[in-house]
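The values are calculated or read from the model by the stated rules, or taken from the named source; none is laboratory data. What you see is a predicted model, and the numbers here were worked out from it, not measured in a lab. We place every Cβ from the backbone using ideal geometry, glycine too, and count neighbours over all the protein chains shown. The protein model used for the area step is the full one, side chains on, heavy atoms only, and it has no ligands, DNA or RNA in it. Shrake-Rupley method; radii C 1.70, N 1.55, O 1.52, S 1.80 Å.
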Amino acid sequence: MAAEASSAVGSSASSAGGFAPFLVDSLFQRSLDDMIKALRSAPGGESSLIHRLLAEIRREIRSTDSDTKFLALQKLTYLSSLYFLDMSWAAFHALELLPSSVPAFKRTAYLSASLSFHPSSTDLLPLATHQIRKDLQSPNPSLSSPALHLLALSSSPDLALHLSNDLLSLLSSPRAAVHVRCRAVITSLPVLRLTPDSARAFLPKLVEALSPSSPLLSAAAGIFCELVCSGDPRPYLPLAPDFHQVLLECRNNWILIKILKIFARLLVLEPRLKRKLVDPICELMRRSPAKSLVFECLRVVFCSFPDEETAFQLAVEKVKEFVAADDDPNLRFLGLHALAMLGPGQSWAVEENREAIVKSLADPDPNIRHEALRLIMNMVFENNVVEISSLLINYALRSDPEFSNEILDAILVTCSRNFYELVLDFDWYVSLLAEMVRNPHFMKGEEVERQLIDIGLRVKEARSELIRVARVLLIDPALLANQFLHRVLSAAAWISGEYIQFSRNPLEIVEALLQPRTSLLPSPVRAVYIQAVFKIFTFCFNFFVNVGAVSDSKCNTDENTGAESEDSSDVTTFKMESLEMKELLTSKSIIYILNLIVTSLVPLSECDEVEVQERACNVLGLVLLLNGIEEWKTDDVDWRIDGKIREIVTVMSAAFSEELGPVSIHAQKRVLVPEGLELKENLSDLDVILRNNDVPSSLSISFSSRIHSHNEDMEESEPATESTSLLAEHRKQHGLYYLPTDKDENGSNEYPRANDVTNSVSSEKTTNDLLKLTDQSLISRSTKPAKPRPTVVKLDEGVDLPSSSSEYVKEPTGDLLSGAVRDVLFRSDETSSTIQKTLSENFTERRAKETSTISNVDSLLKDNSSPREREIGSSSSRKNKHHGQSKERNKNTRKNETKEEKGNRSSARSSHHHGRHKLKQRVESGDPSLDKAPQTQAIQDFLL
């Protein structure tokens, strides 16, 4: 490029007769090579030099000398391409260089113009209309190609409208080079999108390029593939015979891939195309050595031909070859991706490749691991969800952090899909969530928190297991220092407070919620902890006061705690638990809880966080109220008849008596807007109002009196990085705050490491556990569950639920280009008047051509009509000789059934032939009724 620049500069200088006025600027101007060397050797980095280079370019680009301007544009283009700099300010300077006769100058000017023009800054493009038209009409490819490049990348609607005729003439010009005509075909796509009215002029030429013998076939196939796949495919249904002809006769793999993508869209709209595509696609899978083409055939077969047994079986065999390619990870990925396209009805194909899929979980390529995991989770059903999830959890322990969390996320998403439809045993699933937390790479705390609370709200039978899991999480002080577990601990604290009636030892949970290491938690989580203590203490004191009557009332409806008994076995179980609770909750234990609450929460009553301070003050207020009544602290039972105690207990139980349930996601939408409330009122002046009423920071008032001793107590809380020796000393000094733990063999009381996997298996054992997945069937089988599935509350069932599979073809959204294509291909009379006047004679010739090709298309698509199709049929029959006898038997059995149908078909063909003869006469006579769009079906029967 630098050599071209220097030669171009020299030729320009010699032709201009010297550049004496700009001799100094030209001599000291930095060339592109000099700029690149300076960037690479800059001592302070490239960024420090770019600003100075841009300043030089801005000064040089204003020069009237074309050589200086060319070098400046060349350097600016390099910087913009490499560092993504905005060069829209140089658009006019690029246009100034377009009329240059030097090819190097012109190419650089076109490239700079394509980079500097944006959809919002195309006002200067009309200045270049004449020059672009002149270059398009030039027989020199070095001039027309850059002009087409600019028109394709930075065109505007006005420019595309003015140059559409020139582009059309270049597209059909036999004198232009083939690669230039291909560029013109590709440029027609952005022109069609900018000016849909030009579709009537361009589409006939593009359809002609779909001929297998056309040199423009590659570009035309790419254009139609983009049009069909990015918009509404229905207007392109009449072109199905042309696409079918290309599929039969073309040998270019790239073109065949584009044609298969087009048919994948059209098959959804016209299933009758299936019987004409099965044999060609099967032949492509058999003979083609190109793996990309074979994969595209697999995509079409799996998505559109699930009922064609021969094609589907052949596709499954090809997938096995892909998955078994040990030397090529790309083929393994494509094989797994192809299997993921199968639906539940074709799960037997996944079952045949089960071992290869499971081994792919240990592949070093992360894309293959992710695809194998997604494929396994898509084949999880009710009968295998327990085994597969448990084995994947164990495998996640030995995986890298990223893939380990991918496994956990896949299990969470799959098991919670559609209100936990795959989960039959919620006790198992809750324990599985607790097992996830022990993973050393766990980072899914937010989702686990949501599911724990959601299960508690929706499944009543799982609440006892939730309490057990919450207790295990809360009593472990080593989990408090892990920031990824804070959300899970928050859910555990909320569950322990909301469903404390299912706990066997509330005192133990209170001690866990008030342990000193809770100072490591963030303020929102500590607020949940304190609120849980409030609920648990309310339950304990309520049970202590009503110890005589609680058992009888609880058997029917426990209005104190909101729990209900459903059968006699639950009543018996509750009576036994009530006796245990009666022995546990005595006056001494209640006094112990009160003292523990006061010791732990008094420092928090002066906390800076409002949420923590408010909840601590609420609990301390209740404790202060109860400490003022001395009667319940004695052994005398007459205090239970005291009206004051009864009144306090009634108020306390009423605060948490109503059971919480799930809330519909559409609940807010059902709330009526109160009359007079303006939700859409303009609040632009709110900032001014708040600014005028702002209170200076110096006048801010503190609403709490600080006590220095309390702050000192808070400062005594240990940080997360405190050494184990200090922790042991702190335990000795403040043993009241710690749960009783047994010493290990070494006699140390050190905290265990967070998420320490004890009794972990070796890597060899983990690999063996992973291979156990090959013993699990990936096919759904109906099995009788050990116990009935509990009831899951579903408030939003059937209302805006996320769908697992989306439709392949979306409804049209009023695309102007699709409408224009529909008008042309269906010969509608809704066209612009200007184009109709200029191209009326061409349209008449086009109709005659289409009428003459109808008979050709009909003969092409008849059974066994083309030599290529006969060749495919003969080769397939030779390769499938072992299926010949069964096919012959099927033909004999259907022979009598189709005899009458063949007779009707022959009469229909003769009538179609007679109709086409009449149609040709009407076209030649210029019948205007031919311009009306058909109102019945897109593809006529005789075309299929």
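Restricting attention to the stretch 452-487 and to residues that are assigned to a loop (DSSP other than H, G, I, E, B) and open to solvent by 10 Å² or more (accessible area, probe 1.4 Å), the residue that is farthest from A434 (Cα to Cα) turns out to be N482.
Only residues that are modelled with pLDDT of 90 or more and crowded, with 20+ Cβ neighbours inside 10 Å: list them for the stretch 378-390, please.
Taking the stretch 378-390 first, the residues modelled with pLDDT of 90 or more are 385-390.
Of everything in the stretch 378-390, those that are modelled with pLDDT of 90 or more and crowded, with 20+ Cβ neighbours inside 10 Å turn out to be V385, I388, S389.
Please tell me if R275 is farther than 22 Å from R374 by Cα, part of a helix (DSSP H, G or I), open to solvent by 60 Å² or more (accessible area, probe 1.4 Å) and of a type in the set (K, R). Give the derivation first.
Working: farther than 22 Å from R374 by Cα: yes; part of a helix (DSSP H, G or I): yes; open to solvent by 60 Å² or more (accessible area, probe 1.4 Å): yes; of a type in the set (K, R): yes.
Judged against the criteria, R275 is a match.
Considered as a group, the residues in the stretch 182-212 that are in a helix (DSSP H, G or I) and open to solvent by 40 Å² or more (accessible area, probe 1.4 Å) include one that is farthest from S164 (Cα to Cα), and that residue is E208. Cβ contacts < 6 Å: first residue in contact (Cβ under 8 Å) with a residue 12 or more places away in the chain, restricted to the stretch 453-478; second residue part of a helix (DSSP H, G or I) and among the charged types (D, E, K, R), any location; separation 6+ or different chain. Result? Partner pairs satisfying both residue conditions: G456/R463; E465/D427; P477/R517. Contact map, the stretch 512-534: residues that are open to solvent by 20 Å² or more (accessible area, probe 1.4 Å) paired with residues that are among the β-branched types (V, I, T), Cβ distance under 7 Å, separation 6+ or inter-chain. Pairs shown: S523/V612; R526/T518; R526/V612; F534/V619. Taking the stretch 388-451 as the region of interest, the helices (runs of 4 or more DSSP H) fully inside it that hold 1 or more residues being among the aliphatic types (A, V, I, L, M) are 401-415, 426-437. Restricting attention to the stretch 245-265 and to residues that are over 18 Å from R275 (Cβ atoms) and among the polar types (S, T, N, Q), the residue that is farthest from the chain's Cα centre (by Cα) turns out to be N252.
Set side by side, the residues L143, L170, L111 differ, and just one is within 41 Å of the chain's Cα centre (by Cα) and either assigned to a helix (DSSP H, G or I) or within 23 Å of L816 (Cβ to Cβ) (or both), which is L111. Every condition in (1) over 23 Å from S114 (Cβ atoms); (2) at pLDDT below 95; (3) in a helix (DSSP H, G or I) is met by P215 except one, and the failing one is (3). Would you call P235 surrounded by fewer than 20 Cβ atoms within 10 Å (Cβ to Cβ), more than 21 Å from L293 (Cα to Cα), over 25 Å from the mean Cα position of the chain (by Cα) and not charged (D, E, K, R)? The answer is no for P235. Working only within the stretch 447-458, note down all residues that are within 18 Å of V663 (Cβ to Cβ) and either more than 22 Å from the chain's Cα centre (by Cα) or charged (D, E, K, R) (or both). Of everything in the stretch 447-458, those that are within 18 Å of V663 (Cβ to Cβ) and either more than 22 Å from the chain's Cα centre (by Cα) or charged (D, E, K, R) (or both) turn out to be E449, R450, L452, I453, D454, I455, G456, L457, R458. If you go through the stretch 597-619 and keep only what is over 45 Å from the mean Cα position of the chain (by Cα), farther than 14 Å from S519 by Cα and surrounded by 20 or more Cβ atoms within 10 Å (Cβ to Cβ), you end up with I597, V619.
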